[in-house]
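Notes follow the structure.
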Amino acid sequence: MSNRSANPRASSRFVRLFAALSVGALAVAASALFDAVSAPAQTLQERFDGTQSKLDHAESREGVLTTQISGYSDQISTLEGQVAVLRNREAAVAERLAAKQAELDRTQVQLQVLRQQLDRAISMLEERLVQIYKSGEPDVLTVLLNSNGFDDLAVREEYLQRLEDQDNEIVGNVRDLRNQMQEIVDRVKTARDEIAQQKQQLESTRAALESRASALADARGQRQTLLSRVRSQKDNLEGDLSEISKKIQEQLGSGLPAGPIRHGSGIFIWPVNGTISSLFGWRWGRMHEGLDIAAPGGTPIRAAASGNIVLAAYTGGYGNYTCIDHGGGLSTCYGHQSGFARTGGSVAQGTVIGYVGSTGHSTGDHLHFEVRVNGTAVDPLGYL
């Protein structure tokens, strides 16, 4: 309530002063009085609007950065999972490579034995060739012509066949040993090379994924640093808004009367005297959890019932927001205030706790009034 309303003598002198003035002088005086009060308030309002715009921008950036950080975290988690899978595959491939290497080592021993056998076979073949060369063994025709009868011929033929079989066996043994050695070496070498190639590919893929994860982690760290700055800026802006709203209230808030206390049929008094501009319920596709009461900016707001102030701070789209706990799970909240009259402690029913404004997400001066039962919003008209 203003000082003029509280002081009848001052009001009487004020009326006599204006009655004594001419119409022109009255207009000039009224204009001067309006300019003296409204000019600094308008400047503060411009500062308030500018700060509110910056705060909205900071909140938008905060949302974008939070989403980006969450996206980076998800990508990093995915990459880390892929890296873990690749590490398991690397371990399996390394185990297979080690097994092939062990097989190759065992094969080396086998090859050594085969090589010794081959060397002996080659030596036998060389000795046989030398014997053939030195002895000048006759051909089949010579043996047949020099044989003494059929029995001697049969013996000579069998002897020649045995020599031929022995020579063929030596040559075949040498060939088989050589082919066997080459097949074993080629098979083991091919398997080892394939496994080594798989291992190299896995290592390359893992390194690329780890590099990508590291880059994402760096980007996330930069975003987190920027987010901390934005949140710090947001805190500062909210503090500035609170301070500006206090100054605005000092100039304008106390100039409007609270008006008579308005009782209804419920347990609460009306927090302000005004016109209902929006009811509780669905609105524009979403739930409107309060009752909007239109009133001039700066109109004092009364506590609907006695209780304890549990919140008085700038709160997102609610702007300057006050919540009072009335006990028994019942509470009331007051949004979009231009400034606070009380920020804590117990209040009696009818105590002025703040002033009507348009802070937060608001299209004009009004009070957003909520009633909550155990935290759930209910229709305030059932309590007014």
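The values are calculated or read from the model by the stated rules, or taken from the named source; none is laboratory data. All values reported here derive from a predicted model rather than from experimental measurement. Cβ placement follows ideal geometry from the backbone for every residue including glycine, while neighbour counts extend to all protein chains displayed.
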- Query: If you go through the stretch 320-330 one residue at a time, how many are surrounded by fewer than 23 Cβ atoms within 10 Å (Cβ to Cβ) and in contact with a strand residue (DSSP E or B) (Cβ under 7 Å, 6 or more places away or on another chain)?
  - Reply: 6
- Note on the structure: VAL371 vs (1) of a type in the set (Val, Ile, Thr); (2) in a strand (DSSP E or B); (3) out of contact with any helix residue (DSSP H, G or I) (no Cβ under 7 Å at 6 or more places or on another chain): all pass except (3)
- Residue check: is ALA313 within 36 Å of the chain's Cα centre (by Cα) and surrounded by fewer than 22 Cβ atoms within 10 Å (Cβ to Cβ)? yes
- Note on the structure: The lone condition SER306 fails out of (1) among the polar types (S, T, N, Q); (2) in contact with a strand residue (DSSP E or B) (Cβ under 6 Å, 6 or more places away or on another chain); (3) modelled with pLDDT of 90 or more is (2)
- Note on the structure: Here the residues within the stretch 273-301 that are over 21 Å from ARG372 (Cα atoms), outside any loop (DSSP other than H, G, I, E, B) and not polar (S, T, N, Q) are PRO300
- Item | ALA99 being under 18 Å from GLU194 (Cα atoms) and more than 34 Å from the chain's Cα centre (by Cα) | yes
- Task: Identify all residues within the stretch 346-367 that are in a strand (DSSP E or B) and closer than 15 Å to ALA313 by Cβ; write none if there are none.
- Result: ILE353, GLY354, GLY357
- Please go through the stretch 49-105 and pick out each residue that is over 24 Å from ARG229 (Cα atoms) and among the basic types (Lys, Arg). ARG87, ARG89, ARG96, LYS100
- May I ask you to verify whether ALA305 is at negative phi and assigned to a loop (DSSP other than H, G, I, E, B)? yes
